[in-house]
């Protein structure tokens, strides 16, 4: 029996969509491995989240409730999860390739002496998996020898789980050795935004170096972002220059997005940027250089000066919505 | 303080990568190789800690074919003190690499291991976390800094990782939704992200000096470590190709198309 355990990340005491995507991926992996899908919620006072998660058609949700897990750090979380995976005879441990998942899952894998596949795009019927390499320029078919196996999934490659038969909830003692938690959380400087979350948005409008300044992001690009009800993204060049926060970078080493509509404004389209957005349903590029590589992956291209085209587009979109 | 920095030999990030028709790998003809860009940031940070953070010995480590000595020389030319090359011909997965680094880190009695957060070839983003687990050390992945790469702090070459009395470090991390700060007691593993620093270029005197610096070669077999990969790559396929679409003549046309044909707005 190949049972699957899914790590349920939570933020601000809520289950984000990415966690429901992990559950859907976990159920898919369990169906192919002939086992059941379980979930695990770590934290302090998280029974309500475990109950909510149990509604998404998982067999059971384990709750690791411990003061040492209240604020996420890789060391304590990995120790508690590795123990649970061993105790419950889990075959595949699944999480998302979010910042927390990327930080945590390899640490769990090494504690279990397990192999790990990251950013998995699909589980195949024969137990192999697909994952991208070389900035998405190659798709590898991989297998993991032995068990348990550890897998992080790319959130754009799976749909979120919907509600199903309610599963049980079981509290498990975390028993974290104090030597296993030496990392101290100091602070979190959150970038507050009322806009949709970049990785979940239906429309993403991204800006590049051609915007020239953080001020222009505010005065030129943001009106379009808001007129379209979109999330805002950026190229690495724009983030490196300090125009916008790091958290907005779309690309190989930043966020991977696949919205219904992706609008690239003043982005030339380096390989690393394309790796983060080329699975978007419809891609639009606005760039004044008609040779820019971004046009090779765009469904609709507009060769124009963004400082003229973007304000015009804001007016057109507003007219449509009026 | 002893800082171990990993250096992986990877294809040039600007090269166009093509999958071989038989799916056994990528086409390597005329491919240029460089230091993994994230590892370069790791080397730079180690050198800044050495220069401005209270002194350190900076030891570079690479694992792979003999050709990886080129990338180690690059790091030595930037200013690292010495290098170790573990010679291994076969394919290694992240766990095998972490096991080799575990042995070297213990033998060298390193206080801090700095690594790129991922290598741009396999895009795994695992080895640092795995090494920290094997050592039982704390980890801080995706190290960044509060100031931008255009800031004065960056221009002055101030390290982003703040070492506190040689006993612990404060690390700012790029996470979903913002920047997190962690405090780690040494010894520790830190993996670095893009905005930690802008790496220096090797100077001509640096390149001359690098030729005389120690580079120790160790055959992987002599370490007595199981390096059989658990993650096996069975084959590679090229990704689905996107067709270039069409150009539109005006903003009005673009908005109409998105509204009427694509129906996204």
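Data for the structure
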item: Helical mean residue ellipticity (222 nm; -39500 (n - 2.57) per DSSP H run of 4+; nearest 500) of the protein assembly as shown; result: -7500 deg cm²/dmol
item: Between helix B:94-108 and chain B: long-axis angle, C-alpha atoms, 0 to 90°, nearest 10; result: 30 degrees
item: Exposure proxy ranking, count of Cβ atoms within 10 Å, fewest first, for B:102, A:273, A:71, A:13; result: A:13, A:71, B:102, A:273
item: Chain B: most fluctuating residue of B:167, B:247, B:155 per GNM, C-alpha cutoff 10 Å; result: B:247
item: Residue order, fewest to most beta carbons within 10 Å, for B:154, B:89, B:40; result: B:89, B:154, B:40
item: Gyration tensor verdict on the range A:136-198 (Cα atoms; rounded if a/c is under 1.5, prolate if a/b is larger than b/c, oblate otherwise); result: rounded
item: Kirkwood hydrodynamic radius of the range A:8-153, Cα pairs, Å; result: 15.4 Å
item: C-alpha center-to-center spacing [the range A:193-258, the range B:106-165] in angstrom; result: 26 Å
item: Between 0 and 90°, nearest 10: helix A:306-321 axis offset from chain A longest Cα axis; result: 70 degrees
item: Alpha-carbon Debye profile of the protein assembly as shown, log10 I(q)/I(0) at 0.07, 0.11, 0.13 Å⁻¹; result: -0.41, -1.06, -1.45
item: Largest-first principal axis extents of the Cα set of chain B (Å); result: 65, 47, 40
item: Residue among B:206, B:136, B:23 with the largest mean-square fluctuation in a Gaussian network model of chain B, springs linking Cα atoms under 10 Å; result: B:23
item: Overall form of the range A:73-156 per C-alpha gyration tensor (a/c, 1.5; a/b vs b/c); result: oblate
item: Taking the range A:1-99 and dividing mean pair separation by its residue count, relative contact order in percent (alpha carbons under 8 Å, at least six apart); result: 36 percent
item: Highest-fluctuation residue, B:86, B:251, B:227 considered, GNM on chain B with Cα pairs under 10 Å; result: B:251
item: Cα centroid separation, the range A:1-21 to the range A:129-187 (Å); result: 8 Å
item: Kirkwood hydrodynamic radius of chain A, from inverse mean 1/r over distinct Cα pairs, in Å; result: 20.9 Å
item: Anisotropy class of the range A:186-322 from Cα gyration tensor, a/c 1.5 cut; result: rounded
item: Cβ-based exposure ranking for B:87, B:101, in which fewest neighbours within 10 Å come first; result: B:87, B:101
item: Inter-chain shielding of A:298-307 (mean C-beta neighbours from other protein chains, 10 Å cut-off); result: 5
item: Principal-axis tilt of helix A:74-87 within chain A, Cα atoms, nearest 10 degrees; result: 50 degrees
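Quick note: the coordinates plus some simple rules give every number you see, no bench work behind them. Predicted model, so just to flag it, every value in this text is computed and none were measured. Every residue, glycine among them, receives a Cβ derived from its backbone with ideal geometry; neighbour counts consider all protein chains shown.
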